[in-house]
Number of protein chains: 2
Amino acid sequence: MCQLLGMNCNVPTDICFSFQGFAARGGQTDEHRDGWGIAFFEGRGCRLFVDEQPAITSPIAALVQRYPIHSTHVIAHIRKATQGAIALENCHPFRRPLWGRYWVFAHNGNLEGCSLKPGPLFQPIGETDSELAFCLILEFLQKNFPEGKPGLGQLNAALQAMTAQLAPFGPFNYLLSDGDDFWAYCSTQLSYVVRAAPFRAAHLIDADLTVDFRELTRPQDRVAVIATTPLTDDETWTKMEPGQLLAFRDGSPQA
Amino acid sequence: MCQLLGMNCNVPTDICFSFQGFAARGGQTDEHRDGWGIAFFEGRGCRLFVDEQPAITSPIAALVQRYPIHSTHVIAHIRKATQGAIALENCHPFRRPLWGRYWVFAHNGNLEGCSLKPGPLFQPIGETDSELAFCLILEFLQKNFPEGKPGLGQLNAALQAMTAQLAPFGPFNYLLSDGDDFWAYCSTQLSYVVRAAPFRAAHLIDADLTVDFRELTRPQDRVAVIATTPLTDDETWTKMEPGQLLAFRDGSPQA
């Protein structure tokens, strides 16, 4: 399977600290060494790094760990291949345009025997169940709202409906964003932590590194970090419920 | 305006040497400092780096200069903004999926007063004339060949037809690839060099750097490098003709 990391904030924030612990799971503290990727939204723009090398040895992952890229919407993934070869086209996150925005998707899980097929406009490029699911989701959204992006209520309902079609085929935890909205869906395993004032220090599980967020933040800052399993051992992470779709905005989960 | 760099080869080759000279034009030897980008195809996968910083100071461009990524189809761009703010979403190359492949496009020129508008499935994300042209090209291809990619003859004819609709609006030099085929279109300015046995040394115009390709190649290797203006001062570059669309394959222009 794989692991997911997401971040949603009210001000552009770098993910160097969280990504350092996460990348360690890509071959050092855990076995997810079949590629990795990360997407940073910056306004309407989207910076996407993918690599079929293990995150722990990839020179591009090393750059992402030390070069602070500030973003309000980030989705990252480390891969342990189930379906599809170890190859660049099978690395998450996947990025496709819809309604004049980039959409980014990463998946942890394994959908087996899914007979749903997207039409010619939403053909996958690689071989993964994950990219297929992403194509099906975008096609469903486009067909339901051909003129453009609807409001969040309608989008949430459409995502729930399409997710309900896919989730019976196997574990289907995912992160999805268009740089404006941000969703986390928990099928089996996903947790989040919200960092807000009063800030304190946090210590990574996967690397002996502590950051004191009091030194790096302003009182109004708010950051939600979402991950397959908690990244720190001294913060309170909230486990999402199976079947729960959460939209995040400005660093807060929306009830 | 901007500058273009492309590479098409018969075996995966790194572009470090050419990119080092090209990146120098992104703020050091020339004025194209409003962002840059590069796309590397690796099989069906595509690695895309874009940055709104000048190529000459971007940490990501520094990585691309020193980290050899091997690819048979590469498209790079340095930007001097004409239309659209200096922002990530306006950096070339642009990448969109069609027919189960990524398509990549970069443009040197300036289209003014173009009244053509793509439909909802091919909406641009940024504000450039270039991304608009790319969306129009892909939409034209999709509408003409809705079931999938046709043969090269039909594709060439379709590209010529759509290019003829766009070129009257201003300079429109472009590079386009889906990782399998590779096109260069010259509206006003584009040159190429083919490196093949017997190999020799070459010296960059924009940096005092010489590479002896005899030390790096095998006899069967063949590499075409396409650029807005020649990158080396001791090789024979061929100037393309205005209105010329050239398909490259395995490092050779196809007559």
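The values are calculated or read from the model by the stated rules, or taken from the named source; none is laboratory data. Everything numeric in this text was worked out from a predicted model, so none of it was measured. Here the Cβ is made from the backbone with ideal geometry for all residues, glycine too, and neighbour counts use every protein chain on show. Quick note on the areas: whole protein, heavy atoms, side chains included, nothing else; ligands and nucleic acids left out. Shrake-Rupley method; radii C 1.70, N 1.55, O 1.52, S 1.80 Å.
Below, the figures for the structure above:
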{"item": "Residues (in contact with an Asp or Glu (Cβ under 9 Å, 6 or more places away or on another chain), surrounded by 21 or more Cβ atoms within 10 Å (Cβ to Cβ) and either assigned to a loop (DSSP other than H, G, I, E, B) or within 12 Å of another protein chain (Cβ to nearest Cβ) (or both)) located in the stretch B:126-138", "result": "B:126, B:128, B:131"}
{"item": "Residue ID - nearest to the chain's Cα centre (by Cα), chosen from residues in the stretch B:85-96 that are facing chain A (nearest Cβ under 8 Å) and assigned to a loop (DSSP other than H, G, I, E, B)", "result": "B:91"}
{"item": "Residues within the stretch B:207-234 that are surrounded by fewer than 16 Cβ atoms within 10 Å (Cβ to Cβ) and within 20 Å of the chain's Cα centre (by Cα), tallied", "result": "1"}
{"item": "Residues that are of a type in the set (Gly, Ala, Ser) and within 25 Å of residue A:81 (Cα to Cα), drawn from the stretch A:130-167", "result": "A:130, A:133, A:164, A:167"}
{"item": "Residue B:82, sole failed condition from (1) within 23 Å of residue B:123 (Cα to Cα); (2) within 7 Å of another protein chain (Cβ to nearest Cβ); (3) open to solvent by 10 Å² or more (accessible area, probe 1.4 Å)", "result": "(2)"}
{"item": "The lone exception for residue A:66 - which of (1) at pLDDT below 95; (2) away from chain B (no Cβ under 14 Å) it fails", "result": "(2)"}
{"item": "Close pairs (8 angstrom Cβ cut-off, 6 or more residues apart or separate chains): touching a residue at least 24 places away in the same chain (Cβ under 8 Å) in the stretch B:68-86, assigned to a strand (DSSP E or B) and among the hydroxyl-bearing types (Ser, Thr, Tyr) anywhere", "result": "B:70/B:13; B:71/B:13; B:72/B:13; B:73/B:177; B:75/B:177"}
{"item": "Residue check, residue B:88 open to solvent by less than 20 Å² (accessible area, probe 1.4 Å) and closer than 30 Å to residue B:252 by Cβ", "result": "no"}
{"item": "Which listed residue, of A:204, A:209, A:246, A:216, is touching a residue at least 24 places away in the same chain (Cβ under 8 Å) and out of contact with any helix residue (DSSP H, G or I) (no Cβ under 8 Å at 6 or more places or on another chain)", "result": "A:246"}
{"item": "Sole residue being of a type in the set (A, V, I, L, M) and in contact (Cβ under 8 Å) with a residue 60 or more places away in the chain, chosen from B:39, B:55, B:23", "result": "B:39"}
{"item": "Residue match in the stretch B:28-38 (condition: within 13 Å of chain A (Cβ to nearest Cβ), charged (D, E, K, R) and surrounded by 19 or more Cβ atoms within 10 Å (Cβ to Cβ))", "result": "no"}
{"item": "Residue match in the stretch B:146-155 (condition: in contact with a helix residue (DSSP H, G or I) (Cβ under 8 Å, 6 or more places away or on another chain), over 17 Å from residue B:92 (Cα atoms) and open to solvent by less than 10 Å² (accessible area, probe 1.4 Å))", "result": "yes"}
{"item": "Residue tally, condition in a strand (DSSP E or B), within 28 Å of residue B:82 (Cα to Cα) and either among the charged types (D, E, K, R) or open to solvent by 10 Å² or more (accessible area, probe 1.4 Å) (or both), over the stretch B:177-197", "result": "2"}
{"item": "Checking residue A:60 against (1) of a type in the set (A, V, I, L, M, F, W, C); (2) in contact (Cβ under 8 Å) with a residue 24 or more places away in the chain; (3) in contact with a Phe, Trp or Tyr (Cβ under 7 Å, 6 or more places away or on another chain), the condition it does not meet", "result": "(2)"}
{"item": "Filtered residues of the stretch A:147-176 (kept if touching a strand residue (DSSP E or B) at 6+ places or on another chain (Cβ under 9 Å), away from chain B (no Cβ under 14 Å) and outside any helix (DSSP H, G or I))", "result": "A:170, A:171, A:172, A:173, A:174, A:175, A:176"}
{"item": "Test: residue B:77 is away from every other protein chain (no Cβ under 11 Å), open to solvent by 10 Å² or more (accessible area, probe 1.4 Å) and either within 26 Å of residue B:148 (Cα to Cα) or modelled with pLDDT of 95 or more (or both)", "result": "no"}
{"item": "Residue, least open to solvent (accessible area, probe 1.4 Å), within the stretch A:235-255, restricted to residues that are more than 22 Å from residue A:19 (Cβ to Cβ) and touching a Ser or Thr at 6+ places or on another chain (Cβ under 7 Å)", "result": "A:245"}
{"item": "Answer residue from the stretch A:101-121, given it is buried (at least 18 other Cβ atoms within 10 Å of the Cβ) and at the interface with another protein chain (Cβ under 8 Å from one of its Cβ atoms) and is nearest to residue B:71 (Cα to Cα) among those", "result": "A:102"}
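Yes or no, residue by residue, for (1) out of contact with any Lys or Arg (no Cβ under 9 Å at 6 or more places or on another chain); (2) part of a loop (DSSP other than H, G, I, E, B); (3) open to solvent by less than 30 Å² (accessible area, probe 1.4 Å); (4) away from every other protein chain (no Cβ under 14 Å):
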residue: B:10; (1), (2), (3), (4): no, no, no, yes
residue: B:21; (1), (2), (3), (4): yes, no, yes, yes
residue: B:41; (1), (2), (3), (4): no, no, yes, no
residue: B:56; (1), (2), (3), (4): no, yes, no, yes
